[in-house]
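Visitor: Here it is, the structure, as structure tokens.
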């Protein structure tokens, strides 16, 4: 099955998610709609509903990456981060996100759920020009992951006009991240802080892109 056929299966399955949930039932219903054998559908999405949720999430991440490359937000850095997170939310449907979140909240999917949010945070920081390679690489993505997770939960329950309350919530959380980064920068200027930091975390480096045997994008 080609990439386009896999995308078609994802689209067909998502039609059933509001009725069946993000699970095997939706996957197999989508496969039946396309005349795809059940075995082939399971080859494409061996994790079932979790695989569907991951594919939907990563499709929006890919769109976010393209947007950041083509039309990166301008202004203060905190505004650029907030704009990127807000744009990412505009790329998904709340009902599908809610169904995906319910599936990813299952204990066996906890690792995948955390990885997906981390991937989104990494796309945002990288797309906005972050080139850190030390412990800052991790701390930036960890703090933004927390912001994204909290904002999505708030956004899913927000019925304000234009989800204005969600945007205000996001802005407050981004302000907190920027204050944290500011404190780190000031601490790094203290006498001896650089030596202490290198002694404690000097071994930490951002992962380097490399091709590995069996590496996949799923």
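The values are calculated or read from the model by the stated rules, or taken from the named source; none is laboratory data. The structure displayed is predicted, hence computed values, not measured ones. Every residue, glycine as well, gets a Cβ built from its backbone with ideal geometry; the counts of neighbours run over all protein chains shown.
Visitor: Identify, please: which residue in the stretch 26-60 is more than 22 Å from the chain's Cα centre (by Cα) and assigned to a loop (DSSP other than H, G, I, E, B) and is, among those, surrounded by the most Cβ atoms within 10 Å (Cβ to Cβ)?
Guide: Among them, the one singled out is 36.
Visitor: Continuing with the same structure: Any residue in the stretch 54-62 that is farther than 30 Å from residue 19 by Cα and touching a helix residue (DSSP H, G or I) at 6+ places or on another chain (Cβ under 8 Å)? Let's see the steps before the verdict.
Guide: Our first condition is that a residue be farther than 30 Å from residue 19 by Cα; within the stretch 54-62, this holds for none.
Checked the stretch 54-62: no residue is farther than 30 Å from residue 19 by Cα and touching a helix residue (DSSP H, G or I) at 6+ places or on another chain (Cβ under 8 Å).
Visitor: A further question follows. Tell me yes or no: at least one residue of the stretch 78-85 is surrounded by fewer than 18 Cβ atoms within 10 Å (Cβ to Cβ) and farther than 30 Å from residue 171 by Cβ.
Guide: Within the stretch 78-85, the first condition is being surrounded by fewer than 18 Cβ atoms within 10 Å (Cβ to Cβ), and the residues that meet it are 78-79.
Adding the requirement that they be farther than 30 Å from residue 171 by Cβ leaves none.
No.
Visitor: Now for a separate question. I need a count of the residues in the stretch 138-148 that are buried (at least 16 other Cβ atoms within 10 Å of the Cβ) and closer than 16 Å to residue 167 by Cα. Spell out the reasoning first.
Guide: Residues of the stretch 138-148 buried (at least 16 other Cβ atoms within 10 Å of the Cβ): 138-141, 143-145, 147-148.
This time we only want the ones that are closer than 16 Å to residue 167 by Cα, so: 144, 147-148.
The qualifying residues number 3.
Visitor: Sort out which residues of the stretch 163-178 are at pLDDT below 95 and closer than 25 Å to residue 102 by Cβ, and write them in order of number.
Guide: 173
Visitor: Surrounded by fewer than 18 Cβ atoms within 10 Å (Cβ to Cβ) and within 17 Å of residue 67 (Cβ to Cβ): does that describe residue 119?
Guide: Judged against the criteria, residue 119 is a match.
Visitor: Let me ask you something else. Would you call residue 67 surrounded by fewer than 20 Cβ atoms within 10 Å (Cβ to Cβ) and closer than 24 Å to residue 176 by Cβ?
Guide: no
Visitor: Now for a separate question. It is to be established whether one or more residues within the stretch 7-25 are part of a helix (DSSP H, G or I), modelled with pLDDT of 95 or more and under 28 Å from residue 129 (Cβ atoms).
Guide: No, every residue in the stretch 7-25 fails to be part of a helix (DSSP H, G or I), modelled with pLDDT of 95 or more and under 28 Å from residue 129 (Cβ atoms).
Visitor: Assess whether residue 101 counts as being under 13 Å from residue 152 (Cα atoms) and in contact with a helix residue (DSSP H, G or I) (Cβ under 9 Å, 6 or more places away or on another chain).
Guide: Values: under 13 Å from residue 152 (Cα atoms): yes; in contact with a helix residue (DSSP H, G or I) (Cβ under 9 Å, 6 or more places away or on another chain): yes.
The answer is yes for residue 101.
Visitor: Continuing with the same structure: Return the pair list, or none, for Cβ contacts closer than 7 Å from residues in the stretch 34-47 that are over 15 Å from residue 4 (Cα atoms) to residues that are assigned to a helix (DSSP H, G or I), at least 6 apart or on different chains.
Guide: 38/28; 38/31
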